[in-house]
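Values quoted throughout were computed directly from the atomic coordinates according to the rules given, and no laboratory measurement underlies them. Predicted model, so just to flag it, every value in this text is computed and none were measured. Neighbour counts are summed over all protein chains in view; Cβ atoms, including those assigned to glycine, are modelled from backbone coordinates with ideal geometry.
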Amino acid sequence: MYPIVLLSVFGIVALFLGFSKSKNILLPSTLLFLAIALAGNFYEWNKGPLLYFYDMFRVDNLTLAFNGIVLISAFMIVAISGGFQDNADSEPAEYYGLMLFSLVGAIMMIGFEHLIMLFLGVEILSVAMYVLTGSNKRNLRSNEAALKYFLMGAFATGFMLFGMALLYGATGSFDLSHIQSFVTTTHAGAPSYILYAGLLLLLIGMLFKVSAAPFHFWTPDVYEGAPTIFTTFMSTIVKTAGFAAIYRLLEHSFSGIYSFWWIVIAAIAVLTLLVGNIGATSQNSFKRMLAYSGISHAGYLLIAITAMSKPSQNAIVFYSLAYSLSTICAFGILMLVSKEKTVEGQPDERYEAFNGLAKNNPFLAFVLTVSMLSLAGIPLTAGFWGKFFIFTSAADRGIIWITVVAVLMSTVGIYYYFRVIIASYLREGNVDAIRVAPFYKVILVLATFLTLLFGLAPGILEGII
């Protein structure tokens with residue numbers, strides 16, 4: 001509960017700090033706000049489960065673990081934002097305020113105990129992201145991305161609300177515990193098609209948020225058009241919160257009808273893996289490749305949800321952390337490199353922009369290499385163990401066929417992740433030495449160190465939830 005209250009207050013404070021004469025105070029203030037919220041989050045560790053806001057919000061170790069991933073990711077992303085000084089028309093206070101408010105929505109999604117709380121969290125997060133996606137008002141790509149995201153998000157919200165209405169009609173409650181009781185007792189001997197329809201519609205709305213196929217069509221264009229810093233925010237924090245919400249919904253309320261929904265999630269997981277990995281192989285833009293990469297990683301996380309067990313819960317937490325660390329590094333390097341060259345007035349986000357990167361920027365090339373290896377699931381990185389835990393959870397559940405598909409798709413991923421590594425080390429290019437701000441470098445070093453640490457010692461996080 002503490003992060004919700006603190007971030008709500010800090011978001012308002014950040015907006016008022018925008019009236020100060022010096023804009024330089026905004027970045028350190030926002031980082032301090034996030035650090036305080038992170039400390040407040042773990043204050044309740046091992047004290048739950050606790051219920052707040054008229055029993056609509058649940059705090060337990062799983063909630064706090066996902067909150068921690070979201071807040072750490074937000075801290076790193078804000079730290080590499082550079083104060084939004086590149087855009088002369090930018091209003092940093094508004095951006096930081098919206099980012100803090102969006103975190104409130106993400107945390108509400110993670111810990112919801114009532115469907116209305118879930119809806120409020122989704123909308124608080126989504127509205128902030130619609131605005132941030134279109135924040136570069138002079139860029140037509142940013143405007144187009146914001147419009148697409150808003151329109152398709154509105155349709156997804158409609159599906160989600162309709163699903164909630166049907167679930168209320170079937171169970172007589174929005175409370176997850178009451179829904180669970182209905183599913184395991186009243187519903188046990190008599191299938192309710194209204195309940196099934198409501199669950200499917202609600203899942204459609206949630207799967208849109210995490211870029212699962214076939215609800216992924218917005219993802220490549222929105223990722224490409226949005227300012228890269230907000231794309232980073234979207235690809236890590238929104239995805240983590242979305243999967244935490246889906247897992248809580250299915251595990252807490254609908255485990256009694258697992259036989260109904262698991263095959264639906266499994267089919268969507270396979271389709272997502274196919275679309276994400278095959279789509280990424282044909283991209284010439286590194287940023288669009290990361291968009292399709294995000295789709296594919298949604299497929300891997302859906303496999304863990306399909307397994308639905310204690311090991312899969314731990315796998316989702318570990319995988320979300322590993323994916324967030326690697327993605328922040330990848331987008332962080334992209335922001336630095338793409339500013340050095342322009343194509344038709346836009347930052348160069350193609351693979352060719354990385355040609356010869358290692359010659360004058362060995363540190364950046366190394367960080368990029370580690371992040372790509374982790375996303376590809378290569379051993380000695382956190383990404384390898386994330387996939388390993390997910391595959392073993394599915395195998396333990398007896399769903400061998402989906403594990404085989406996932407392993408095959410992982411081999412496809414090696415192709416497009418290694419393209420940028422090859423460009424950095426083996427292609428001829430003229431990327432000049434890039435100046436990296438000291439704190440920016442600290443964040444890249446920290447994320448890379450954690451990626452390698454969790455790759456070498458994955459048991460560090462074992463048993464903490």
### Query
What's the angle, to the nearest 10 degrees (0 to 90), between helix 382-397's Cα axis and the longest principal axis of the chain?
20
### Message
Helix-only mean residue ellipticity at 222 nm, the chain, DSSP H runs n ≥ 4 weighted -39,500 (n - 2.57), per residue, nearest 500. What is it?
### Response
-24000 deg cm²/dmol
### C-alpha center-to-center spacing [the stretch 328-404, the stretch 110-138] in angstrom
27
### Query
Want the number for LEU408 to GLU123: 0.36 nm per residue separation, take away the alpha-carbon distance, what's left?
99.0 nm
### Query
What's the exposure ranking of ILE257, ILE246, going from fewest to most Cβ atoms within 10 Å?
ILE257, ILE246
### Calculated Rg/Rh (Cα atoms, Kirkwood Rh) (choose from [x] 1.01; [y] 1.06; [z] 0.95), label
[z]
### Query
Are there trypsin sites (Lys or Arg not before Pro) in the stretch 104-178 that DSSP marks as loop and that have at most 15 other Cβ atoms within 10 Å, and which are they?
LYS137, ARG138
### Charge sum, other residues only, whose C-beta stays under 13 Å from PHE363's C-beta, Lys/Arg counted +1 and Asp/Glu -1
+3
## Note on the structure
Taking Cα atoms, the helix 286-307 axis meets the longest principal axis of the chain at an angle in degrees (rounded to 10) of 30
#### Entry: Positive minus negative residues near MET109 (Lys, Arg vs Asp, Glu; Cβ under 13 Å)
+2
### Query
Helix 92-111 sits at what angle to the longest principal axis of the chain, using alpha carbons and giving 0 to 90 degrees rounded to 10?
30
### Query
When ranked by the protection proxy of mean other Cβ atoms within 10 Å per residue, highest first, what sequence do the peptides 373-381, 400-408, 427-435 form?
373-381, 400-408, 427-435
### Query
What is the sum of charges around LEU302, taking Lys and Arg as +1, Asp and Glu as -1, for the other residues whose C-beta is under 14 Å from the C-beta of LEU302?
+3
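Does the stretch 405-465 come out rounded, prolate or oblate by the C-alpha gyration tensor, with a ≥ b ≥ c the root eigenvalues, rounded set by a/c under 1.5 and, if not, prolate when a/b is larger than b/c and oblate if not?
Oblate, because a/c is 1.5 or more while a/b does not exceed b/c.
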### Task
Could you tell me which chymotrypsin sites (Phe, Trp or Tyr not before Pro) in the stretch 1-95 are loop residues by DSSP with no more than 12 other beta carbons within 10 angstrom of their beta carbon?
PHE19, TYR43, TYR54
### Query
Can you give the convex hull volume of the alpha carbon atoms of the stretch 348-465 per residue, in Å³?
122
